[in-house]
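First comes the structure, then the notes that go with it.
Rule-based calculations on the coordinates, nothing more; no lab input. This structure is a prediction, so every number in the text was calculated from the model and none was measured. All Cβ positions, glycine included, derive from the backbone under ideal geometry; neighbour counts span all protein chains shown.
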Amino acid sequence: MKNYGYNGKIARINLSTEEITIEEPDWVFYRTYFGGRGIVAYYLLKELSPEVDPLSKDNKIIVAASVITGAPLPGFSRHSIGAKSPQTGLFGESEAGGYWGPDLKKAGFDALIVEGAADRPVYLFIRDGSIEIRSAENLWGLDTGETLDRIRNEVGDEKVRFLGIGKAGENLVRYAGVTSDLHHYHGRTGLGAVMGSKKLKAIAVRGTKKIEFYDEKKVKDLFKWFAENMKTNVDNLSQREFGTSAYYYNAQQAGLLPTRNFSTTWFDVKETVEEVHQKMKDHREGCFACTVQCKQAFKLEEPFSVDPRYGGPEFETFGSFNSICGVDDAKYVAKAHELCNRYGMDTISCGVTISWAMECFEKGLLTVEDTGGIKIEFGNGDVMLQLIELIADRKGIGDLLAEGSKTASEKIGRGSSEYAMQVKGLEFPMAEPRVKFGLGLAYAISPTGADHLQHEHDGAFDPQLTGYSHNPDDPYGMVKHLFPFGILSPVKALSIGWEKVRLVTYFQHFWSFFECIDTCIFTWAPVRTWRINHMPEIIEAVTGWETSLFEVMKVGERATTLTRCFNLKHGLSTDDDSLPKRMFEKLSEGPMKDVTMNEDEMKDAVKLYYGMMGWDENTGIPTRGKLAELNIPWAVNHLLPKKNE
Ligand code: SF4
């Protein structure tokens with residue numbers, strides 16, 4: 001059978017032995033896992049034993065695009081990186097858009113498995129079917145931007161695409177990330193530290209081969225449909241103008257903004273999104289073949305410089321370095337964002353870990369004796385920037401904060417764990433669970449820890465809620481876009497009964513498929529332009545596989561279940577599927593004053609979710625029947641014997 005849309009080639013690169021082999025799985029493998037998270041979970045579950053230290057040579061990095069990546073369709077530019085996470089000790093994975101994934105495909109590969117560790121700094125250079133391991137001794141210690149420039153110069157090609165780490169990854173900061181061409185980012189779960197531990201500075205790629213699609217005309221028609229319909233999509237138009245930063249200001253007005261280490265959801269903001277963009281926006285850019293072009297780059301000269309080649313902050317970064325740290329000044333966000341991308345650090349975990357330190361300092365759990373004399377106070381933007389530098393260098397108090405809030409709080413004790421806002425070791429993103437209970441459940445059960453790419457915001461399913469782009473004359477609002485799932489009624493935002501759990505479960509299947517097919521949530525229903533039934537149409541046009549929404553949902557569920565098996569194998573227990581106590585305290589101010597999420601209801605929702613997933617309601621272990629139904633009966637061999645009784 002001819003491979004349309006993909007190459008049928010996965011490269012295995014051993015950095016210890018410098019051996020490179022090419023594996024050629026059959027079409028059934030590709031159709032079972034599709035790419036991205038599916039491929040990452042397959043290899044990590046099969047090949048990593050539970051004893052593997054995430055920062056040892058025995059960990060493996062899987063980089064995977066999908067069978068669609070590189071098709072000229074909005075949203076299909078992404079690729080995934082996965083490994084055992086140094087932040088959670090569990091399944092780690094993170095996706096990014098841009099151009100790197102399409103170039104990997106055009107270079108003749110669908111995925112890479114990187115194993116072992118080099119004895120000196122190296123980078124990989126992949127060009128049209130060839131893979132070289134090159135010395136990076138002259139690149140070690142450089143910022144990501146300078147590394148990119150030097151590699152392009154060395155290989156003599158300005159069009160080379162780049163994945164790389166900065167000094168945070170080299171210094172094994174547990175939430176170090178991987179940048180792609182400097183403004184697309186694999187932020188979460190510490191994958192930059194895994195690259196650093198292998199002395200792998202970068203993976204550069206250049207591909208010029210044409211990818212063949214099954215139905216070229218249909219692909220073009222789908223592109224035109226999106227481009228035309230995007231013009232009336234409120235959220236895609238707003239993103240084109242402001243990126244996701246407008247959501248920060250919307251959330252502020254609605255009282256939904258996580259503030260001062262999640263101690264409240266009310267934060268007074270003095271500037272508007274228009275004013276902030278007027279002052280700092282330099283230009284707009286985007287990802288391969290996407291008509292939204294939503295990435296905004298910021299520039300500043302005074303009081304400090306901000307380099308626009310590192311892009312600009314999105315909603316998550318605004319929250320992580322403004323409201324969460326109590327700093328009401330967007331120039332500090334712009335600088336913090338630039339530093340994190342320059343050094344290669346996740347802005348969410350960095351900001352939330354700093355805000356944990358700020359709260360500990362306020363409560364006397366950290367003192368100037370611990371901090372080397374620095375007063376780590378909420379609202380102090382200059383101290384926030386100073387801490388980012390110390391963390392990336394692992395100097396002074398930065399060495400403790402480089403561990404992330406969970407490990408840092410366990411190290412200092414003094415009751416500080418109460419203020420570590422994380423699940424499974426991954427810090428909370430900026431979507432506020434106390435007013436979005438479905439997202440709260442999603443954070444609790446996500447395989448990667450508190451990860452916002454598990455579920456749509458609850459307000460999208462509640463047409464009576466203001467602040468969302470619902471049509472006031474339409475009783476179903478965005479819910480009508482979910483009718484193909486069989487979700488036929490709106491679900492209240494502030495609820496966590498069985499209807500919400502069903503919604504989260506279905507959404508997790510669909511969004512897990514997004515991570516297998518490596519597509520961008522900012523292009524999809526219910527909020528944005530693509531409709532749900534476009535997914536099988538797109539797959540058929542690109543690959544020639546006649547498929548259905550049923551198969552799509554099963555692929556997503558299969559990937560989630562594989563991650564569950566990986567996590568159980570590596571020590572997860574049901575206690576880990578929970579939220580910090582603070583999440584169940586009553587909100588004390590702002591428009592959401594007195595709203596409370598009930599802890600017992602949330603615990604019950606977790607059990608109900610296990611049941612809907614075909615996992616044992618008490619142990620959270622997938623049943624043999626579910627594994628067989630998902631066509632992964634082999635996964636049962638990877639569950640710990642005691643958990644399989
Ligand atoms: S919507 Fe924005 S982030 Fe998503 S693919 Fe398009 S340009 Fe990239």
One finds, for Asn598 and Ser56 with R0 = 35 angstrom and r their Cβ-Cβ distance, a FRET efficiency to the nearest 0.05 of 0.25
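Given the DSSP H assignment, sum -39500 (n - 2.57) over each helix run of at least 4 residues in the chain and divide by its residue total; what's the result at 222 nm in deg cm²/dmol, nearest 500?
On the way: 23 runs with 238 residues, N = 645.
Counting only the DSSP helices, I get -11000 deg cm²/dmol.
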Put in order of increasing Cβ neighbours within 10 Å, starting from the fewest, Leu453, Leu439 give Leu453, Leu439
Ranked from fewest to most other Cβ atoms within 10 Å of their own Cβ, Cys290, Cys350 fall in the order Cys290, Cys350
Simple spin-label estimate for Lys218/Asp328, 7 Å along Cα→Cβ, in nm, reads 5.4
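Between Leu237 and Glu410, what length in nm is gained on full extension when 0.36 nm per residue of separation is reduced by their alpha carbon distance?
In short, 57.8 nm is gained.
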So the compactness index of the range 331-371, its C-alpha Rg divided by 2.2 N^0.38 Å, takes the value 1.35
Per the rule of 0.36 nm per residue minus the C-alpha distance, extending Glu617 to Glu24 adds in nm 209.6 nm
The farthest towards the positive end of the charge dipole of the range 12-55, of the residues Leu55, Thr32, Leu45, given +1 on Cβ of Lys and Arg and -1 on Cβ of Asp and Glu, is Thr32
Output ordering of 544-551, 53-60, 309-316 (per-residue mean of other Cβ within 10 Å, highest first) is 309-316, 53-60, 544-551
Filtered hits (aspartates and glutamates, Cα-Cα < 12 Å from Lys224, offset >= 8 within chain) -> none
The range 23-178: relative contact order from alpha carbon pairs under 8 Å, six or more residues apart, as a whole percent, is 17
Of the listed pairs Lys335/Lys406; Lys295/Lys406; Lys436/Lys607; Lys199/Lys335; Lys159/Lys281, those with alpha carbons more than 22 Å apart are Lys335/Lys406; Lys295/Lys406; Lys199/Lys335; Lys159/Lys281
Here, Lys9 and Lys375, labelled 7 Å along Cα→Cβ, have an inter-label distance in nm of 6.1
Length-normalised contact order of the range 135-206, Cα under 8 Å, at least 6 apart, in percent, tallies to 32
Scoring the range 493-600 by relative contact order with C-alpha pairs under 8 Å, at least six apart, yields a percentage of 21
Length gained if Lys586 through Glu629 is fully extended, taking 0.36 nm per residue and subtracting the Cα-Cα distance, is 11.3 nm
Ordered by fewest other Cβ atoms within 10 Å, a rough proxy for footprinting exposure, His283, His534, His570 read His283, His534, His570
Averaged over all viewing directions, the convex hull of the alpha carbons in the chain casts a projected area in nm² of 25.7
